[in-house]
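Structure, as structure tokens:
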Number of protein chains: 2
Amino acid sequence: MNTVTQHLPRQSPLHALLAPENIAVIGASADPTKRGYKAMLGLVKGGYRGAVYPVNPKTASILGIKAWPSIAEVPTALALALICTPAATVPGLIAECGRRGVKGVIILASGFGEMGAEGARLEQEMLAQARAFGVRLIGPNTSGVFNLHHRFNLLALDHIKAGDIGVVSQSGNMLLSLALEAEHNGEVGFSTYVGPGNQSDIGFNDYLRYLGEDEHTRVATLYVEGFSDGRAFLQTAREVSAVKPVVVYKSGSTAQGQKSASSHTGALAGSYPMTVDLLRQAGVNVVQYSDDILPVAEGLGRLQHAPGKRVAVIADGGGQATIAADRLTEAGLALATLSEETRAMLETALFAQASSVNPVDVAGSSDAKPSLLATCMEIVEADPGVDSVLLVGMFGGYSQRFAESLLGDEMRGAEAMVELANASSKPVVVYSLYAPVKPPALRRLREAGVPVYASIEKAVRVLAELGTRGEYLARGEQTAPAPAVASATGQALIQHARAQGRDLLEPEAKALLAEHGINVPRERMVRDASELAEVAQAFAGTPVAMKVVSPDISHKSDAGGVVLGLEGEAALANAYAEIMRSAHAYNARARIEGVLVTPMAAKGVEVIVGLMRDPTFGPVLMFGLGGVLVEVLEDVAFRALPLSRQDAAGMLDQLKAGKVLDGVRGAAGVDKPAIIELLLGVSRLMEAYPVIAELDLNPVIAYPDGYAVVDARIILERAE
Amino acid sequence: MNTVTQHLPRQSPLHALLAPENIAVIGASADPTKRGYKAMLGLVKGGYRGAVYPVNPKTASILGIKAWPSIAEVPTALALALICTPAATVPGLIAECGRRGVKGVIILASGFGEMGAEGARLEQEMLAQARAFGVRLIGPNTSGVFNLHHRFNLLALDHIKAGDIGVVSQSGNMLLSLALEAEHNGEVGFSTYVGPGNQSDIGFNDYLRYLGEDEHTRVATLYVEGFSDGRAFLQTAREVSAVKPVVVYKSGSTAQGQKSASSHTGALAGSYPMTVDLLRQAGVNVVQYSDDILPVAEGLGRLQHAPGKRVAVIADGGGQATIAADRLTEAGLALATLSEETRAMLETALFAQASSVNPVDVAGSSDAKPSLLATCMEIVEADPGVDSVLLVGMFGGYSQRFAESLLGDEMRGAEAMVELANASSKPVVVYSLYAPVKPPALRRLREAGVPVYASIEKAVRVLAELGTRGEYLARGEQTAPAPAVASATGQALIQHARAQGRDLLEPEAKALLAEHGINVPRERMVRDASELAEVAQAFAGTPVAMKVVSPDISHKSDAGGVVLGLEGEAALANAYAEIMRSAHAYNARARIEGVLVTPMAAKGVEVIVGLMRDPTFGPVLMFGLGGVLVEVLEDVAFRALPLSRQDAAGMLDQLKAGKVLDGVRGAAGVDKPAIIELLLGVSRLMEAYPVIAELDLNPVIAYPDGYAVVDARIILERAE
């Protein structure tokens, strides 16, 4: 078990706010249905060790604690104030707090930016007061906070344990759901929770950074509806995921969900597949199902990461062994190949009918001696070909199912598993069909930090995330190539186009690509029919395509502006005349710059490369296979810039139909290093010229040796 | 709630065996670690009402019940015997039972066919004895049986309730896992369980049929490692699924899992995607994750089916509303569009900030009045555009989270939900984050038959399966077109080829297709160069392809046997000579029948049609998109024969890249009715000629108007 935890250096102002020396509760109430009561109750029941100052002019005391008529009258210097009163009162109260030197305020009320123009105005006023007095704000519209290791709990949740899962959730119900699941589990606990609310002042990224620094948090777990500053989030996620796991559930995976999400939170939800790719690029463990959040957080919090994805399975029944093998394979994990030595040791330990091939099925060998399962786990754990160990079956239930006399041996088995897990750097995970009834051996495992799941599917999901995180960490420091430097030629090309209020023409786009080391075909721009003889000569022996070049014609084929497969001067001259005629017929006022003559691309694998500036995440690269089917299947990969070489390689590996790049039906594979260079090249270009809004290479034809950029489009930011 | 249950007419011999008047336990034991003890304990603790006769020569009584030294000495006529003794004793004991007139025997021992040749011999001997005496056998190697409505339980499971889920499981641990999950749920119960074991006599299909007939079973739930007679299984599944839901989990979804499964059971596991398609064709609800089995069985058992897939969601928080919307959409369900009238009623009932658009978010309206959620459910249930109702959020937890004083209203809400569910033919399903802690309102719902889930994902999976089953039932009686009748011409073609010990040549295959109404291109077989002039004339103006025809050359392209895009007599003559030369060079001894001249197919959408005889499921049709990418993605659909028109149409709809058939990138859609006719046509052909082993049309090019069969292969069964 990876018991050492790393944390980012302590810089966040939130440490003081979330472990305050004392707290004023403004709007504290004796009415049990009010949040001003709940918060008081949470502080008192939770055993908060600081002083609590209820502020309420209408009452003398709450829960036996003296109340004060106003914040001004509280006799001590205050570290934090919780405001439970309605929105309209908040700006004034913040000023009051500011005057008393309060450093942080938590605001529960809704009725701000999420409620239209009037609310937005109120939120601005509140923020202005906070800035004027140097007060930091959590909320408004927060579902609350807790920091259980400081016994600071404004949520009054029952039965919640202090533990290693830190949570930031844009849904209060989601936190509640995780807390109830944890209560049911019995051994899972939390460090800090924050409901970020409207994030007027302190934002999502600040909370994530805090969890990265917090010494009690071993896994940061986020429920996200939308990112307000996605680019900064990715940067913070990258820093935090370097030291501890970051688990994100992003809601709005479908258009329907996004619609529903935006009607509730007003947060901008980007394309889900893109968001997932960018989060993973930053080392985040993305979970796709809400009921995976807690199991994955539990597993990553406890076990941190696996050295790799080769899993050894010990099973005491064929059925569950098969299910585990199926799920492991589907999740991209591998069944570890056990060494001859390991198998021989297993065979010595087990009955003849057992299978020593992974998944190992003890086939009855443990019926009278459940601790034998621990022995098998020790044997496979020692195999260098094994990265993690999964026990599946009825462990914990032997003494219930077979005979009570087995309890002693079963507890010895649990103890051996705990020792193994503590001594090993390889994760040890248990699925037991007895997990729902929590027998003593399983309680012992959980209490000692060995995760026990009631579903093979969840156990495998956890192993997959552990393996993914291990692989991410193993990639080590990633360095993106230095951005390209804009060249004078490139600047001139762009200035020229901008001066004319247009984007780059195809030959200009290709010239800019060539200027920065990207292979473009040997092409010729023909501006007058008189040049055709010489051009035909230049391409002698090579069939060519001719394409109209005009800032006013973007659908060249529709305009009759493309003719393919031409050879010889006569053919070129005919095509030239035809293109000119068609283009004028299509749009009489179109400015025609000329006709581009380009060699016909040989057959290969069609791919697409795109770059855009996402409003949330900034510059993003897209790579995918081209053609009709992939358009239908939307089989593309995304990465945020700057792009490392590993990022680029990962895009090729990620495609569902990626096998096509390796060659199918006897075709040769494509030149992957050249494609990777291309991706790195366009990314550097995008960084060198901030005025480029979009870049599209579609299609690029990839060959066993190099590639051909068949069409290129570069869209510029509109000048002011 | 669909409270009426239908059952198949009572025919199965298992009714008597699984509700026996009395039972002898041969090998009954007082040792708590023995199954002969477990079974006795199960009978006694379970309250079995028949007489129990322990048979054991070494003891006077077991659990206070008089024991008998041998079966011969038991003083009564016996309905059933349970044999708990080792394999070697079984054949003799069955003979003894037979002599005493016992009608059925359950055999626990392993060590038969699954253990090699010696075991197989023993199993044959056992079966011969059973047949000789007319004794029916459950097992051997069975994990046991129970029939809880008759208090007949050989498994001695604690806390198991009688209910409506019937289970057949090839893994005893899986049954145990379901039982423990049900125990934890508290309200889910079982009717009959059977572990089929080696199925020496009574097989899987017999058990399924029994569950279809059993009046206490409202859902048949099967864990399957392999099908020994898949074709018969599909037939039985079709009959049972017509009256009640059939839920199947098929293990071995991956090659790794299949390997692991076959090493444990020896059962033949076919291709997983094919198996899933064929099961669904027969009306089975296939679940893909083992932790979905019980939730889906519970939901289908209680609610049977939904009228359709349009779900109305009532939520008391934005987070869970969004998650529900995402999962519903991903599962192929639709968020119902609520009528103006429904929305107006909701708006009257709710606060201004609530959203009356589905998913309905009450946004705090229910905080002080949880029964308002029931009111909202009543409102949306009445909307004719709604097929099922899903409540998500914290219902059941209001009185715990907000104030105990809400308990009365919360229980009234639960009661209203129960009444709604009972009165409605639309399923009502609840997700609550309080499900793990089982508060009173949720206990009331479960006890009254309203399923409550602790995971939105599981709740949605259940709604999806209810909708799928509803759609299946709505398709009604499906009639496959009458099989084609073999024609004299067709028979002659096949006889001719068989006489030569070969499969059909391409032109013969196409002739057979044409004979049975399938459009094949106008082609010509050229056997001598002298025919080329006339053939060139016949195809004047149309480019053609030429392909070698030889029983000895199956990879025509590799042999240089294909030339494309030819026009005019000279080109044909050149190509003919070239093909002959290449073919001889490729295989000097190849019998060359001639060269097929066929018009070049215009561009269209490439599809593939295949038929094969699966060793388990019999004749199976495959349909998919052609081309490189789909080969990589394996995007194909399977159906067992006979094929109904609905089956054929379903294959087109099922493809992941099926949009291509509707036309993408401005292309016209293909002629789906023609493709459906083609699928029906080849299926009928396969049935008309049982000697056809395999049929492959690859590719077929589909057009907006018709299709072209570009290549056809028909493989014949080898003559004895």
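The values are calculated or read from the model by the stated rules, or taken from the named source; none is laboratory data. Computed from a predicted model, the values in this text were never measured in an experiment. Cβ placement follows ideal geometry from the backbone for every residue including glycine, while neighbour counts extend to all protein chains displayed. Accessible surface is based on the protein model in full, side chains and every heavy atom, while ligands, DNA and RNA are left aside. Shrake-Rupley method; radii C 1.70, N 1.55, O 1.52, S 1.80 Å.
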### Query
If one takes the longest principal axis of the Cα atoms in chain A, at what angle in degrees, from 0 to 90 and to the nearest 10, does the Cα axis of helix A:293-303 lie?
80
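Chain pair A, B: how much accessible area is buried, both chains summed, with a 1.4 Å probe, in Å² to 100?
In total, this chain pair buries about 6200 Å².
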### Query
the range A:438-471: which residues show an accessible-area loss of 40 Å² or more, assembly versus chain alone, 1.4 Å probe?
A:Glu457
### Shielding of B:250-256 by partner chains, average beta-carbon count, 10 Å
6
### Calculated FRET efficiency for the pair A:Arg527/B:Ala585, C-beta based, R₀ 56 Å, to 0.05
0.60
#### Entry: For peptides A:533-545, A:453-465, sequence by mean Cβ density within 10 Å, most packed first
A:453-465, A:533-545
### For peptides B:296-304, B:467-475, A:706-714, sequence by mean Cβ density within 10 Å, most packed first
B:296-304, A:706-714, B:467-475
### Task
Divide by every residue of the protein assembly as shown the summed helix terms, -39500 (n - 2.57) for each DSSP H run of at least 4, and state the resulting mean residue ellipticity at 222 nm, rounded to the nearest 500 deg cm²/dmol.
-11500 deg cm²/dmol
### Query
Separation of the range A:8-59 and the range B:628-700 by C-alpha centroid, Å?
66
### Query
Given label points at 7 Å from Cα along Cα→Cβ, what nm distances, shortest first, separate A:Glu347 from the same residue in every other copy?
7.7
### Message
Suppose every Lys and Arg Cβ carries +1 and every Asp and Glu Cβ carries -1, with no other charges. What dipole size does the range A:265-424 come out with about its Cα centre, to the nearest 20 debye?
### Response
340
#### Entry: Rounded to 5, percent antiparallel among DSSP beta bridges of the protein assembly as shown
50
### Query
On average, how many beta carbons from a partner chain sit within 10 Å of the beta carbon of a residue in A:311-319?
5
### Summary
Mean per-residue count of partner chain Cβ within 10 Å for B:664-675 equals 1
### Query
Hey, which of these cross-link pairs are over 23 Å Cα-Cα: B:Lys250/B:Lys438; A:Lys244/A:Lys438; A:Lys309/A:Lys656?
B:Lys250/B:Lys438; A:Lys244/A:Lys438
### Query
Averaged over all directions, how much area does the convex hull of the C-alpha atoms of the range B:1-108 cover when projected, in nm²?
8.9
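Take every Cα pair under 8 Å in chain A that's 6+ residues apart, average their separations, divide by the length, and report that relative contact order as a whole percent.
Relative contact order, chain A: 9 percent.
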### Query
What is the packing order of peptides A:199-205, A:62-68, B:79-85, taking the mean over residues of other C-beta atoms within 10 Å and listing the highest first?
B:79-85, A:199-205, A:62-68
### Query
Considering only the label points, 7 Å along Cα→Cβ from Cα, what distances in nm to one decimal separate A:Gly385 from the same position in each other copy, shortest first?
5.9
### Summary
Label model pair B:Arg718, A:Glu569: point-to-point distance (7 angstrom along the Cα→beta-carbon line) in nm is 6.8
### Task
Quickly work out the B:Gln288-to-B:Arg645 label distance, labels modelled 7 Å from Cα along the C-beta direction, and quote it in nm with one decimal.
3.1
### Query
Expressed as an acute angle from 0 to 90° and rounded to the nearest 10, what is the orientation of the C-alpha long axis of helix B:230-241 relative to the principal long axis of chain B?
50
#### Entry: Spin-label pair B:Ala577/B:Val357, simplified geometry with 7 Å Cα→Cβ offset, distance in nm
7.3
### Message
From the Cα trace of the protein assembly as shown, what convex hull volume per residue do you get, rounded to a whole Å³?
### Response
209
### Nearest-0.05 FRET efficiency for A:Arg443 and A:Thr348, computed from C-beta distance (R0 30 Å)
0.45
### Task
About the Cα centre of chain A, how large is the charge dipole given +1 on each Lys and Arg Cβ and -1 on each Asp and Glu Cβ? Please answer in debye to the nearest 20.
1980
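Per residue, how many Å² of accessible area does the protein assembly as shown show with a 1.4 Å probe?
Spelled out: the 1.4 Å probe surface of the protein assembly as shown, per residue, equals 37 Å².
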### Task
Could you look at the range B:136-212 and say what percent of its accessible area is carbon and sulfur, using a 1.4 Å probe and all protein chains?
39
### Message
Based only on Cα atoms, what mean projected area does the convex hull of chain B have, in nm²?
### Response
38.3
### Query
What whole number of Å gives the distance from the Cα centroid of the range A:118-189 to the Cα centroid of the range B:108-159?
59
#### Entry: R0 of 60 Å, Cβ-Cβ distance B:Ala602-B:Thr89: FRET efficiency to nearest 0.05
0.25
### Query
In degrees from 0 to 90, rounded to the nearest 10, what is the angle of the helix A:407-423 Cα long axis to the longest principal axis of chain A?
50
